[in-house]
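Okay, structure first, notes after.
The values are calculated or read from the model by the stated rules, or taken from the named source; none is laboratory data. Worth saying up front: this structure is predicted, and the values here are computed from it rather than measured. Note: ideal-geometry Cβ built from the backbone for every residue, glycine included; neighbour counts use all protein chains shown. In case anyone asks, the SASA skips ligands and DNA or RNA and just uses the protein heavy atoms, side chains included. Shrake-Rupley method; radii C 1.70, N 1.55, O 1.52, S 1.80 Å.
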Amino acid sequence: MARILLVTGSSGLIGSEVCSFFAREFGYIVHGVDNNQRAVFFGLQGDTRWNQQRLQQELKGFVHHELDIRDRAGVLALVRQLRPSAIVHTAAQPSHDRAAAIPFDDFDTNAVGTLNFLEAARQACPESPFVHMSTNKVYGDAPNAIPLRELETRWDYADPAYTHGIPETFSIDQSKHSLFGASKVAADVMVQEYGRYFGLPTCCLRGGCLTGPNHSGVELHGFLSYLVKCNLEGREYKIFGYKGKQVRDNIHSLDVARFMAAFVGAPRAGEVYNLGGGKANSCSILEAFRLTEKFTGKPQAHAYLEQNRIGDHICYYSDLQKMRAHYPAWDITVSLEETIRQIVEAWRRRQNG
Ligand SMILES: NC(=O)c1ccc[n+]([C@@H]2O[C@H](COP(=O)([O-])OP(=O)(O)OC[C@H]3O[C@@H](n4cnc5c(N)ncnc54)[C@H](O)[C@@H]3O)[C@@H](O)[C@H]2O)c1
């Protein structure tokens, strides 16, 4: 009998990639949970129905559940009914700027919604791997205290201890997180606890910039996707401080799904990984402009605002050494250039169709 995979946030960037990947590569019957809350958080620009419809058309056997992850009884009933072989939890309020305006929705979704699924898994399928999408915002703004050096188009770490990037041992304590970062810390620690205390095969993936052609990028979330969209539409992209030299590490959603599959195939309990593109796939905003222009042939209109976003990282890239040590068959397969090329192509297709 085909195994069942339950994916929350299935209409979003990562969730949809996971649905396609596990169905295509391993023959899972995929059940997705999503209520298009992204459109409530970000307005019509954040609408993910197109992606839900794409999955329903393209994935044989895909079942969509219009369920709010805050609905505890609904979550428990669904997990009890399906008893999935694995759960990938990607549904979230994903923006740190947005969280300040909707603190209860943010916490109830990110922290309590995660607990709803953890407890349902413990009751119904405690042997099934549980993969949770966390974020590098759990480190708060502590990475900004690392001494930096200023290069022509980007900031970089001056301290050789961070040559490979930020490791999982970095402190998540006593820094400014934004309310989003704090609600994600609560979820992250709870996911670890269900692994360490109850022995469930759980992991937290602390994402850098996760990206790819299926993102519904908006100004408050989805850096590269939104930047490319602005370029194609000739719209001004606003840079918030740090001279536009702030560095992000970008990972294609396919490489995220590939890592999740590696974990599901050989799970551990209560693990934490920093999942980003690493130094090789990092870029500053200024560098992202140049790469995007290369593929669109259009100059990037932009405005510079002196004030940085509260708690925004000046330079962040993930140290991938632990992931590579635990899962040596996994590595980054999609370069930053190829990722941007695909995002350009996808926005062109969506705008024309
Ligand atoms: N994209 C990034 O750069 C990034 C970086 C670090 C971490 N993450 C984390 O990865 C995960 C996935 O991010 P993404 O970029 O795919 O986000 P996304 O917004 O594209 O997808 C999340 C999906 O969850 C759904 N959702 C939200 N609240 C819900 C609720 N209450 N009930 C049911 N569905 C709900 C949304 O409608 C959306 O389709 C999130 O946990 C996010 O915090 C993302």
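For Ala186, state whether it is in contact (Cβ under 8 Å) with a residue 60 or more places away in the chain, open to solvent by 20 Å² or more (accessible area, probe 1.4 Å) and either among the aromatic types (Phe, Trp, Tyr) or outside any strand (DSSP E or B) (or both). Judged against the criteria, Ala186 is a match. Would segment 51-58 turn up any residue that is among the basic types (Lys, Arg), within 12 Å of the ligand (Cβ to nearest atom) and open to solvent by 30 Å² or more (accessible area, probe 1.4 Å)? The answer is no; no qualifying residue exists.
The residues on offer are Leu305, Leu275, and the sole one that is aliphatic (A, V, I, L, M) and either within 23 Å of Asp188 (Cβ to Cβ) or buried (at least 18 other Cβ atoms within 10 Å of the Cβ) (or both) is Leu275. Please enumerate the residues belonging to segment 46-97 that are of a type in the set (Lys, Arg) and either in contact with a Ser or Thr (Cβ under 8 Å, 6 or more places away or on another chain) or modelled with pLDDT of 95 or more (or both). Answer for segment 46-97, where residues must be of a type in the set (Lys, Arg) and either in contact with a Ser or Thr (Cβ under 8 Å, 6 or more places away or on another chain) or modelled with pLDDT of 95 or more (or both): Arg49, Arg54, Arg70, Arg72, Arg80, Arg83. Counting only helices (runs of 4 or more DSSP H) that sit wholly inside segment 62-121, those with at least 1 residues that are aliphatic (A, V, I, L, M) are 72-82, 96-99.
No other residue among Ala91, Ala77, Ala73 is surrounded by 17 or more Cβ atoms within 10 Å (Cβ to Cβ) and either aliphatic (A, V, I, L, M) or more than 8 Å from the ligand (Cβ to nearest atom) (or both) apart from Ala91. One residue stands out among those in segment 289-302 that are open to solvent by less than 20 Å² (accessible area, probe 1.4 Å) and touching a strand residue (DSSP E or B) at 6+ places or on another chain (Cβ under 8 Å): the one that is nearest to Glu233 (Cα to Cα), which is Gln300. For segment 195-212, what are the residues that are open to solvent by 20 Å² or more (accessible area, probe 1.4 Å) and more than 12 Å from the ligand (Cβ to nearest atom)? Of everything in segment 195-212, those that are open to solvent by 20 Å² or more (accessible area, probe 1.4 Å) and more than 12 Å from the ligand (Cβ to nearest atom) turn out to be Arg196, Tyr197, Phe198, Gly199. Within segment 25-46, if we keep just the residues that are over 19 Å from the mean Cα position of the chain (by Cα) and more than 14 Å from Ser95 (Cα to Cα), the residue that is most open to solvent (accessible area, probe 1.4 Å) turns out to be Leu44. Which of the residues that make up segment 223-232 are touching a residue at least 24 places away in the same chain (Cβ under 8 Å) and open to solvent by 10 Å² or more (accessible area, probe 1.4 Å)? Those that are touching a residue at least 24 places away in the same chain (Cβ under 8 Å) and open to solvent by 10 Å² or more (accessible area, probe 1.4 Å): Phe223, Lys229, Leu232.
When Val344 is tested against (1) farther than 16 Å from Cys203 by Cβ; (2) in contact (Cβ under 8 Å) with a residue 40 or more places away in the chain; (3) not in a helix (DSSP H, G or I), just one condition goes unmet, and that condition is (3).
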